[in-house]
């Protein structure tokens, strides 16, 4: 699908909605189902520009791009004005970079010859590549670990914005976890995503320092019905039943925070919560597992992605259907069974994760897995219960190790040229 | 000793142009950012904080020399930012003073090294704008 310039994102999503509509399932350990790198219909204008402005931040309902650079920051200043200045500067840079233009007044080559260029330049000549920049606020921005109210925000801290609990089997590395702020940069070109984070980090020196960052090279979820289902590094389709942007009623019910949700944080209305988990996969042991066991662990067929109860990829799984010896065809310990809304009070989440590999470890094992990202209306109902179940009972857990964890509150979008990301928190 | 005195006199007589001072200040901090803050440069003697302080002192002198030009050029914002961030970095360094010098670099925790690195980045970014501000 191609649209001429000037077509709004809402309009585009509406058009995309004319495609196949599927009911959805969320999967919390992120290793549910789907993938394809095959060509597929474009869901934006030919220029590849995603509108920066809107009621919600871009990069959530936006059809998932192919590449990710995610960064968590610690705020190094103790001056609230410096923090607001930073958010304004980030907003300005995000506004121009997402349009495919360089950051700063002079860009990469137009400035004074004796000064370092405003923009670092590696995205010159590249299209916008559907770049989106999404920012979030971590629990420690509102209240330091020692309880200090760092920026006068403690009374506005959302109720659900707390460090995620320790789940069974977690092996968290503090150097890959938490953060005061986060930036999710997604684009179809990895250089465009890296350029965005690099320039935001540079703009932030003096106010923030990068705490950790993660590259992702292949989306593991579809967030639009116009997209095919991609595969994760286990080789299975991931995100078949993911919540899709076209399902507006479920987006409102499961992803967007409503004004009445939290009396302490009406500023978060129109925003969401972002859960980030760095999930390493035991690649080599998985690869030595029989196809029979791999499919039993996932609960789907590896080729087409159909549930083991039969049908095609998008057929509803039949958890009651029994095979030989009366055992359910979809094992009760399978990922599909445990992550299904029927087992989770009907909750769904919008997953937006990416495959990652950071080379190999000292033993020659692939340091790889899934960088799980999900947007939910309330982590206390939409993530923590499901992840507790999966960590305890999911047969897949044997092949997974959660090494990083973070939770952020994602403020609503910027409505016009004068606004800035986070203004509802700081100005009202 | 005579050599040292002669050297001191010659240094007194040296004159630098504003762009040399501005670029020199930036390069002194670049050295800190790439070598000293990582503790790699003095991997055996662990005296990195001495060198760290010497480079900051050098950059600070160059900046002080250029301040009158910043004021004439109405670059008050850059001037204030440099002043604040030089002071913030110095305050961190002062926290590691030990007798005549500094604690050994291998006594610093990872968090302390990260804090120093953030303060170096915070100063280096506006410092990289100093040359253009004084020569244009």
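Observations
- Fewest-first sequence of A:298, A:283, B:43 by Cβ atoms within 10 Å of each Cβ: B:43, A:283, A:298
- Least to most buried among A:407, A:131, A:308 (fewest other Cβ within 10 Å first): A:308, A:407, A:131
- Crossing angle, helix A:384-393 versus chain A [Cα axis fit, 0-90 degrees, rounded to tens]: 40 degrees
- Result for chain B in a Gaussian network model with C-alpha springs under 10 Å: among B:45, B:124, B:104, the largest mean-square fluctuation is at B:45.
- Only helices enter the 222 nm calculation for the protein assembly as shown: every DSSP H run of n ≥ 4 contributes -39,500 (n - 2.57), and dividing by all residues gives -9500 deg cm²/dmol, rounded to 500.
- Spacing of the two label points (7 Å from each Cα toward its C-beta) at residue B:16 and residue A:162, in nm: 5.5 nm
- A full extension of the chain between residue A:304 and residue A:228 corresponds to an added length of 26.2 nm, given 0.36 nm per residue minus the alpha carbon distance.
- Each peptide among A:51-64, A:96-109, B:105-118, A:334-347 gets the average number of other Cβ atoms lying within 10 Å of its residues, and from highest to lowest they stand as A:51-64, A:334-347, A:96-109, B:105-118.
- For chain B, the calculated P(r) over all alpha carbon pairs, in 10 Å bins from 0 to the bin holding the longest distance, is 12, 39, 30, 18, 2 percent.
- Note on the range A:282-313 and the range A:359-428: Cα centroid distance 25 Å, given to the nearest whole angstrom.
- Rounded FRET efficiency, nearest 0.05, which uses the C-beta distance separating residue A:398 from residue A:345 and R0 of 25 Å: 0.45
- In this calculation the C-beta distance from residue A:79 to residue A:259 is compared with R0 = 25 Å, giving a FRET efficiency of 0.25.
- Cα centroid of the range A:163-181 to Cα centroid of the range B:91-110, whole Å: 30 Å
- Within the range B:63-77, backbone nitrogen closer than 17 Å to the virtual label 7 Å beyond the Cα of residue A:105 toward Cβ: B:70-77
- Residue among A:393, A:180, A:416 with the largest mean-square fluctuation in a Gaussian network model of chain A, springs linking Cα atoms under 10 Å: A:416
- On the beta carbon distance between residue A:113 and residue B:91, with R0 = 45 Å, the FRET formula returns roughly 0.85.
- Residue-normalised convex hull volume from the C-alpha trace of the protein assembly as shown: 170 Å³ per residue.
- Chain B: angle of helix B:2-13 to the longest principal axis, Cα-based, in degrees nearest 10: 40 degrees
- The angle separating the long axis of helix A:80-97 from the principal Cα axis of greatest extent in chain A is about 70 degrees.
- Comparing mean-square fluctuations of A:178, A:358, A:301 from a GNM of chain A with C-alpha springs under 10 Å, the top value falls on A:358.
- Across chain A, the mean sequence separation of Cα contacts (distance under 8 Å, 6 or more residues apart), normalised by length, yields a relative contact order of 26 percent.
Each reported figure results from applying straightforward, stated rules to the coordinates on display, with no laboratory input. Bear in mind the structure is a predicted one, so any value in this text is a computation, not a measurement. As a convention, Cβ positions derive from the backbone with ideal geometry for all residues, glycine included, and neighbour counts pool all protein chains shown.
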